[in-house]
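J.: Sharing a structure with you now.
Nothing in this text is a laboratory measurement; each read-out follows from the coordinates by a stated rule. No experiment lies behind these values; they were computed from the predicted model shown. A quick note on method: Cβ atoms are made from the backbone with ideal geometry, for glycine too, and the neighbour counts reach across all protein chains shown.
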Amino acid sequence: MPGRQRLLLITLGLAYLGASLWVTTNTHSPLVNLSVALGPVLLPFALSLRKSRWFIPFMGLMLAGIGMVAWQGPLLNAHLDWFYFVQYTAILTPLMWTFGRTLTRDPSTALCSRIAGLLHPQGISPAMMHHTWLTTWAWTLLLAGCLLVSGVMFFTFPAADWSFFTDILTPLSLGSLFMLEWLVRRWRFPDAPRPGLLSTVRAWQHFQNTSKS
């Protein structure tokens with residue numbers, strides 16, 4: 001992935017996190033609130049259907065939804081926090097399950113081990129295998145912890161505090177684990193090949209496709 005595209009994706013991600021925090025901590029029109037809450041889900045889905053016969057029906061449903069927002073705006077605004085809670089939970093829960101369901105006593109079955117195997121067809125050492133197994137555990141526990149803290153804060157803390165955790169602290173914790181794993185891997189395995197981000201994404205996609213078949 002070119003550097004400019006990476007920068008653009010990072011900028012868009014940070015902009016969305018800032019918009020989410022701004023919307024959940026201030027009062028805005030229902031249309032603005034719902035656009036920020038559902039835009040990242042509906043827009044990519046609409047783009048994926050642009051050449052499909054389902055595109056026009058989908059756009060019709062979106063327009064109907066906009067009309068409902070205009071009609072029942074105050075009611076939707078009163079429960080807007082639930083949209084963000086469901087969105088956050090719906091994103092992290094499948095991720096946690098994807099990592100966690102591969103954990104067994106055999107390190108080779110762990111998600112990170114299988115991705116490492118796809119990136120290094122010549123095979124990886126037992127020490128690297130153990131490292132990838134522990135990395136899979138780390139991702140599983142972090143995602144489970146984020147979901148647990150989110151649930152507790154959503155029902156017991158003010159909305160602004162919950163939003164700060166989901167929009168600021170969660171991305172920081174995920175990014176910190178990425179960086180920590182990278183540093184540990186470079187320290188423990190300085191001579192190991194270092195595949196690029198695009199190769200890792202392709203290996204992840206291959207794992208997803210094979211796990212569904």
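J.: Arranged from highest to lowest average of other beta-carbon atoms within 10 Å per residue, in what order do the peptides 157-164, 131-138 appear? Kindly include the intermediate steps, with their values, before the conclusion.
T.: Values: 157-164: 15.8, 131-138: 19.9.
Averaged packing, sorted descending, gives the order 131-138, 157-164.
J.: How much net charge surrounds Leu180 when only other residues with a Cβ under 14 Å from its Cβ are counted (Lys, Arg +1; Asp, Glu -1)?
T.: Residues near Leu180 contribute +2 overall.
J.: Tell me which residues come under 5 Å, amide H to amide H, from Thr102 once H is placed; ignore anything under 5 positions away on its chain.
T.: Distant-sequence amide H within range of Thr102: Leu111.
J.: Stretched out fully, how many nm does the piece from Leu119 to Ala160 gain, at 0.36 nm a residue minus the Cα gap?
T.: Full extension from Leu119 to Ala160 adds 10.6 nm.
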